[in-house]
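**Student:** There's a structure below that I have some questions on.
The values are calculated or read from the model by the stated rules, or taken from the named source; none is laboratory data. Because the structure is predicted, anything quoted here is derived from the model rather than measured. For neighbour counting, all protein chains shown are included, and Cβ atoms are generated from backbone atoms with ideal geometry for every residue, glycine included.
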Amino acid sequence: MRKSLLALAAGLLLAGNVSAASAADKLKVGFIYLGPIGDLGWTYQHDLARQALVKELGEKIETTYLENVPEGPDAERSIEQLVRAGNKLIFTTSFGYMDPTQKVAKKYPNVHFEHATGYKRNPNMSTYSAKWYQGRYIQGLIAAKMSKSGVLGYIGSFPIPEVVSGINATMLAAQTINPNIKVKIIWANTWFDPGKEADAAKALIDQGADVIMQHTDSPAAMQIASERGKLAFGQDSEMIKFGPKTQLTSILDTWGPYYIERVKAELAGTWKSEDTWGGLDSHMFAMAPYTNMPDDVKKMAEDAQAAITAGKLHPFKCPIVGQDGKPVECKGGDHLDDGQILGMNFYVKGIDDKLPGK
Amino acid sequence: MQLVLEKRAERSGTIALVSPLIAIGLTILTMVILFAILGKNPLLALHAYFIAPLTDGYSLQEIAVKATPLVMIAIGLSLCYLANAWNIGAEGQFLIGAVAGSWIAVKTQGTDAGAWVLPAMLVLAAAAGALYALIPAICKVKFGASEILTSLMLVYVADLFLDYLVRGPWRDPHGFNFPTTAEFDPVATVPLLIEGGRLHLGSIIALLVVAAAAILLGRTIKGFEIRVVGAAPRAARFGGFNANQLIILTFAVSGALAGLAGIIEVAGPIGHLQPGISPGYGFTAIIVAFLGRLNPFGILIAGLFLALTFIGGEQAQIAMKIPLDVTKVFQGILLFYVLACDSLILYRFKLVFPNRQVTRGAG
């Protein structure tokens with residue numbers, strides 16, 4: 001008996017591969033993910049970008065990620081673990097990692113950090129984000145054309161400026177097509193919870209919405225819209241396989257080029273703390289193919305995309321009237337300036353809902 | 001031939017001592033097989049899990065930080081469970097304690113309030129946790145409501161209450177609408193024990209709690225009462241012990257400890273109030289309480305061990321790309337084996353041969 005146990009143990013040891021390839025000269029790049037890499041949304045897209053990074057620079061770098069890291073007491077430790085494991089450039093890919101990232105960044109001035117969607121920076125901590133509101137504007141145009149009931153359903157995550165500016169951009173666009181368009185908003189209070197997202201989608205459809213848009217990360221809403229024969233927009237990633245007859249388009253997060261650029265800078269020793277906020281023109285995100293719509297709507301969407309990319313059309317073009325009926329100050333000349341959009345804390349006129357916390 | 005479980009004449013003291021060790025041994029064996037299936041070297045993986053975190057000061061600190069709330073909550077729960085009172089809602093008491101203590105921190109923010117702030121936060125948090133735990137205790141004593149259900153349901157109430165506060169009245173005005181309070185002032189923050197580290201005063205408090213519980217259970221009449229009421233309710237009644245009073249008392253103490261753990265976590269490692277301050281500490285502490293055999297020192301060791309699996313799991317994820325889910329599987333099978341091995345305290349394995357004629361004598 002003892003012998004056979006020993007043999008079993010030996011066999012198990014041999015089965016395990018001993019591939020601790022020495023990688024002392026490679027640059028170590030770390031990633032902190034909010035969800036599982038299989039969330040098919042936000043985290044999935046970050047991991048696709050990491051894979052693109054490995055494909056491009058795999059000879060010179062080694063990547064490590066920690067997934068499912070909650071935006072709570074564990075985040076700081078997880079980030080510090082990556083530092084201690086020798087990572088010299090660390091991407092923390094959710095807003096809620098802002099304070100933990102900054103704490104660790106102050107502690108390790110020789111390590112560089114890249115924080116997604118936040119606003120706090122250090123000499124060794126950059127921020128990066130995308131102007132998704134541009135994509136939301138295009139979606140608003142399509143939604144208003146495609147909705148028969150004139151009611152859009154919107155699943156919000158948290159009422160932070162990024163999400164609020166998305167809702168406003170959607171409505172400003174939709175109002176150019178149908179001045180009486182309505183939007184129903186449900187706050188899921190989560191980025192990723194397929195159950196809650198599905199419930200929200202059901203509730204919105206029950207309230208008469210026939211086009212569903214979401215600012216949460218899973219394809220659950222797409223699946224519900226598909227079951228109920230409604231239309232929907234994907235989020236973060238290509239979700240067409242969850243609604244082949246449902247998805248109109250989707251805002252695709254395409255972080256790959258940015259990650260490659262930043263890692264190249266790190267390799268070249270030219271990395272600097274920066275604030276990157278890229279739009280359609282800088283390929284920080286892309287639009288999935290326009291599907292399940294007539295050709296004229298598709299044409300309109302493509303024209304709008306081209307105009308925004310060329311800088312000829314700004315979603316927050318003045319004049320903009322707030323929910324209270326008063327005009328919003330126009331700090332950027334003929335449109336709102338970046339600061340107003342990054343700190344957006346109001347609804348535009350025509351949104352029949354109260355912004356939480358207002 | 002058949003393998004059956006046979007009830008022992010009396011509980012086996014030896015097995016009671018070694019069963020956690022058998023459980024850990026079986027868990028490690030299962031993990032070795034799991035690692036091998038995943039194509040990872042089991043020895044390296046076990047090293048990353050159990051040895052590497054113990055070899056440097058940084059991860060030792062992190063283990064202590066992680067174990068602090070678990071141990072504090074589990075000590076309180078063990079008192080309840082010993083007295084046969086089933087508090088499942090420590091998570092809620094943890095949250096309410098965090099909320100109550102944060103109230104002082106939020107209200108004194110930016111003022112020149114002095115050194116009284118943190119002690120006041122700790123006291124208020126413990127009081128709030130105790131009061132919150134008294135709701136299910138009183139419902140149980142007065143109306144016979146199941147404390148398991150009521151204490152569990154109150155977790156969600158606490159969770160949503162915290163959610164409301166940080167989205168509404170307590171929201172950081174400069175936080176871009178993100179659901180969090182502003183960072184607490186230094187006077188409202190649990191002091192660090194080591195400059196530049198993360199080990200904080202809470203770990204010392206947890207050790208004091210362990211010592212106090214050991215004295216309470218081992219050296220006082222009250223401790224004796226708790227154990228008798230749980231182990232032999234009839235004898236306790238004949239002895240004139242009031243079981244209802246003990247339910248109230250143990251619930252209040254465990255609520256206070258959970259509340260204290262809550263504010264220490266918020267005013268310590270986190271630094272502000274936000275949703276998701278607890279990755280399920282109140283529930284994990286139930287595992288810790290039983291893994292530690294409801295004994296204060298056992299709980300201390302169990303809390304440190306569970307913290308080790310968290311930290312080790314993270315290091316294994318970094319060093320060997322072992323998925324996080326494996327750590328969760330690991331904790332699950334550990335609890336499974338602990339409970340399974342515990343049955344050996346009251347039962348033993350026996351081989352029986354039902355169909356064979358046993359012949360004796362000349363053959």
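**Student:** Take the range A:118-142 and flag every residue that is without any contact (Cβ under 8 Å) to a residue 40 or more places away in the chain and under 30 Å from A:GLY269 (Cβ atoms).
**Tutor:** Those that are without any contact (Cβ under 8 Å) to a residue 40 or more places away in the chain and under 30 Å from A:GLY269 (Cβ atoms): A:GLY118, A:LYS120.
**Student:** Moving on to the next point. Go through the range A:264-281 and report how many residues are surrounded by 15 or more Cβ atoms within 10 Å (Cβ to Cβ) and either within 27 Å of A:LYS245 (Cβ to Cβ) or without any contact (Cβ under 8 Å) to a residue 60 or more places away in the chain (or both).
**Tutor:** Qualifying residue count, the range A:264-281: 2.
**Student:** Could I ask something else about it? Report whether or not B:ILE194 is part of a loop (DSSP other than H, G, I, E, B), of a type in the set (A, V, I, L, M) and surrounded by fewer than 17 Cβ atoms within 10 Å (Cβ to Cβ).
**Tutor:** Considered against the rule, which asks whether it is part of a loop (DSSP other than H, G, I, E, B), of a type in the set (A, V, I, L, M) and surrounded by fewer than 17 Cβ atoms within 10 Å (Cβ to Cβ), B:ILE194 comes out as yes.
**Student:** When residues of the range B:29-49 are filtered for being in a helix (DSSP H, G or I) and either surrounded by fewer than 17 Cβ atoms within 10 Å (Cβ to Cβ) or facing another protein chain (nearest Cβ under 10 Å) (or both), how many remain?
**Tutor:** So the answer is 11.
**Student:** Determine which member of the set B:ILE318, B:ILE286 is within 14 Å of another protein chain (Cβ to nearest Cβ), surrounded by fewer than 24 Cβ atoms within 10 Å (Cβ to Cβ) and assigned to a helix (DSSP H, G or I).
**Tutor:** Only one candidate qualifies: B:ILE318.
**Student:** Give me a count of the residues in the range A:336-348 that are without any contact (Cβ under 8 Å) to a residue 40 or more places away in the chain and either within 14 Å of chain B (Cβ to nearest Cβ) or crowded, with 17+ Cβ neighbours inside 10 Å (or both).
**Tutor:** Total satisfying the criteria: 3.
**Student:** Given the conditions (1) touching a helix residue (DSSP H, G or I) at 6+ places or on another chain (Cβ under 9 Å); (2) modelled with pLDDT under 90; (3) more than 14 Å from chain A (Cβ to nearest Cβ), report the number of the one that B:GLY101 does not fulfil.
**Tutor:** All conditions pass for B:GLY101, except number (2).
**Student:** To continue, here is another question. Could you please find all residues in the range A:48-77 being more than 13 Å from A:VAL29 (Cβ to Cβ) and not in a loop (DSSP other than H, G, I, E, B)?
**Tutor:** A:LEU48, A:LYS55, A:PRO73, A:ASP74, A:ALA75, A:GLU76, A:ARG77
**Student:** Being within 27 Å of B:TYR156 (Cβ to Cβ) and part of a helix (DSSP H, G or I) is true for just one of B:GLY303, B:GLY276. Which residue is that?
**Tutor:** B:GLY303
**Student:** With respect to A:GLN235, is the statement that it is within 23 Å of A:THR117 (Cβ to Cβ) and crowded, with 16+ Cβ neighbours inside 10 Å true?
**Tutor:** Here the answer is yes, as A:GLN235 does meet what is asked.
**Student:** Of the residues that sit in the range B:252-279 and are more than 12 Å from chain A (Cβ to nearest Cβ) and over 15 Å from the mean Cα position of the chain (by Cα), which one is surrounded by the most Cβ atoms within 10 Å (Cβ to Cβ)?
**Tutor:** For the range B:252-279, the residue satisfying everything is B:ILE263.
**Student:** OK, next. Condition first: in contact with a helix residue (DSSP H, G or I) (Cβ under 7 Å, 6 or more places away or on another chain) and in a helix (DSSP H, G or I). Can you find one or more residues in the range B:107-116 that meet it?
**Tutor:** no
**Student:** List the number of the failed condition for B:THR180; all other conditions in (1) assigned to a loop (DSSP other than H, G, I, E, B); (2) at pLDDT 90 or above; (3) crowded, with 20+ Cβ neighbours inside 10 Å hold.
**Tutor:** (2)
**Student:** Any residue in the range B:213-221 that is within 17 Å of B:SER78 (Cβ to Cβ) and basic (Lys, Arg)?
**Tutor:** yes
**Student:** Another one. Within the group B:LEU17, B:LEU21, B:LEU95, B:LEU79, which residue is under 30 Å from B:ILE226 (Cα atoms), touching a Leu at 6+ places or on another chain (Cβ under 6 Å) and either free of Cβ contacts under 8 Å to residues at least 60 places away in the same chain or not aromatic (Phe, Trp, Tyr) (or both)?
**Tutor:** B:LEU95
**Student:** Oh, and also: Six or more apart or on different chains, Cβ under 8 Å: which pairs go from a residue in the range A:62-74 that's at the interface with chain B (Cβ under 7 Å from one of its Cβ atoms) and charged (D, E, K, R) to one that's part of a loop (DSSP other than H, G, I, E, B) and crowded, with 21+ Cβ neighbours inside 10 Å? Could you list them?
**Tutor:** A:GLU67/A:TYR33; A:GLU67/A:GLY35; A:GLU71/A:LEU34; A:GLU71/A:SER94; A:GLU71/B:GLN274
**Student:** Another one. Looking at (1) within 14 Å of chain A (Cβ to nearest Cβ); (2) more than 18 Å from B:PRO42 (Cβ to Cβ), which one does B:LEU308 not meet, given that it meets all the others?
**Tutor:** With respect to (1) within 14 Å of chain A (Cβ to nearest Cβ); (2) more than 18 Å from B:PRO42 (Cβ to Cβ), B:LEU308 is out only on (2).
**Student:** Let me ask something else about it. Mind checking which residues of the range A:102-118 are among the β-branched types (Val, Ile, Thr) and over 25 Å from A:SER165 (Cα atoms)?
**Tutor:** Within the range A:102-118, A:VAL104, A:VAL111 qualify.
**Student:** Sticking with this one: Given the condition under 13 Å from B:ASN87 (Cα atoms) and in contact (Cβ under 8 Å) with a residue 24 or more places away in the chain, answer yes or no: does some residue in the range B:162-183 qualify?
**Tutor:** No.
**Student:** Among the candidates A:LYS312, A:LYS299, which residue alone is outside any loop (DSSP other than H, G, I, E, B) and either free of Cβ contacts under 8 Å to residues at least 24 places away in the same chain or touching a Leu at 6+ places or on another chain (Cβ under 9 Å) (or both)?
**Tutor:** Among A:LYS312, A:LYS299, only A:LYS299 is outside any loop (DSSP other than H, G, I, E, B) and either free of Cβ contacts under 8 Å to residues at least 24 places away in the same chain or touching a Leu at 6+ places or on another chain (Cβ under 9 Å) (or both).
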